[in-house]
1. Consider region 64-87. How many of its residues are in a helix (DSSP H, G or I) and touching a residue at least 60 places away in the same chain (Cβ under 8 Å)?
2. Can you name the residue in region 131-159 that is in contact with a Phe, Trp or Tyr (Cβ under 7 Å, 6 or more places away or on another chain) and buried (at least 18 other Cβ atoms within 10 Å of the Cβ) and is also nearest to Lys97 (Cα to Cα) among such residues?
3. Residue under question is Met80, and the condition is that it be surrounded by 14 or more Cβ atoms within 10 Å (Cβ to Cβ) and either under 18 Å from the mean Cα position of the chain (by Cα) or assigned by TED's automatic domain parsing to the domain that holds Phe123 (or both); does it hold?
4. If I filter region 37-53 for residues that are of a type in the set (A, V, I, L, M), outside the structural domain of Ser105 (by TED's automatic domain parsing) and assigned to a loop (DSSP other than H, G, I, E, B), do I get at least one hit?
5. Just give me the residues in region 100-113 being modelled with pLDDT of 95 or more and either β-branched (Val, Ile, Thr) or surrounded by fewer than 19 Cβ atoms within 10 Å (Cβ to Cβ) (or both), in sequence order.
6. Does region 52-63 contain at least one residue that is in contact (Cβ under 8 Å) with a residue 60 or more places away in the chain and in contact with a helix residue (DSSP H, G or I) (Cβ under 9 Å, 6 or more places away or on another chain)?
7. Is it fair to say Phe145 is under 30 Å from Leu58 (Cα atoms), in contact with a strand residue (DSSP E or B) (Cβ under 9 Å, 6 or more places away or on another chain) and free of Cβ contacts under 8 Å to residues at least 24 places away in the same chain?
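The values are calculated or read from the model by the stated rules, or taken from the named source; none is laboratory data. Given the structure is predicted, the values throughout are model-derived calculations rather than measurements. Ideal geometry is used to build each Cβ from the backbone, glycine not excepted, and the neighbour counts take in all protein chains shown.
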Amino acid sequence: MKNIDAIIFDLNGVFLFSQQPLSQLVANKFNVDKDLFWNKFKETLKIARTSKEMPENLWDPITDLLKINKDEFFNLWFSMDIIDSKMLQFAKDLKNKNYKIFILSNSLKERVQYYRQKFPELFSQFDGVYFSSETGFVKPDPLAFENILKLNNLDPKKCIYFDDSQDNVDAAAALGIQAKLFENLENSKEFIGENNL
C-alpha cells in the first residue's frame with residue numbers, strides 16, 4: 001500500500017490471545033454465574049483502564065464474589081494470555097521495511113506491568129506503546145487516537161489501524177485513519193499490501 005508511514009495495532013485480540021474466555025474460566029473454577037461475574041467485571045474494568053492510582057477497594061465486587069484476593073485474581077486473569085509469534089514476526093518485518101509501528105491498547109496498570117515483564121520482546125519491537133491507564137484516553141474515544149497521532153506527528157491518512165473491536169475501528173476511521181477490523185494475519189497483510197512478508 002502506497003503512502004503509508006505508520007501502522008497502529010491494538011494489543012489484545014491481535015498480538016495477545018486468551019487461552020479461554022475469562023468468564024468461562026471463572027464460572028468453571030469458582031462455580032459462579034458467568035453473566036453475574038461478567039457484568040461486575042465490565043463495570044470495574046471500565047474504571048480500572050484509566051486509573052493511574054486505583055482505589056484499593058475497586059476490585060472488591062470481583063474478589064468478594066470469587067472469595068480470592070486481588071493478586072490471585074490478576075494472576076489468574078493475566079496468565080491466560082499467550083503471544084502470537086507469527087504476528088510478532090509480522091511486526092518485525094514491517095519495521096524492517098521502514099514502517100513506524102505502534103500499539104494502542106485499553107489496559108489497566110497492573111496488566112501493563114505484567115505484560116512488560118512477561119513479554120519484553122513485544123515492547124522492544126515498537127516505536128511507541130500507548131496504554132489507556134498511562135494516557136487516560138480509552139478507545140473508542142477519539143482522543144486516544146488523536147493523542148498517538150499528535151505525539152508522533154502522524155498524518156491520519158498515512159496510518160493504518162487494526163483492532164478486533166468494530167467500535168474502535170469506526171472511531172479511527174472517523175479521523176481519517178485507514179482502519180480495519182482485525183481477523184487474522186493474512187487479511188492484515190492483504191490490507192497493508194505486504195503479502196510478500
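1. 2
2. For region 131-159, the residue satisfying everything is Ile148.
3. Judged against the criteria, Met80 is a match.
4. no
5. Lys100, Ile101, Ile103
6. Yes, region 52-63 contains at least one residue that is in contact (Cβ under 8 Å) with a residue 60 or more places away in the chain and in contact with a helix residue (DSSP H, G or I) (Cβ under 9 Å, 6 or more places away or on another chain).
7. No, not satisfied.
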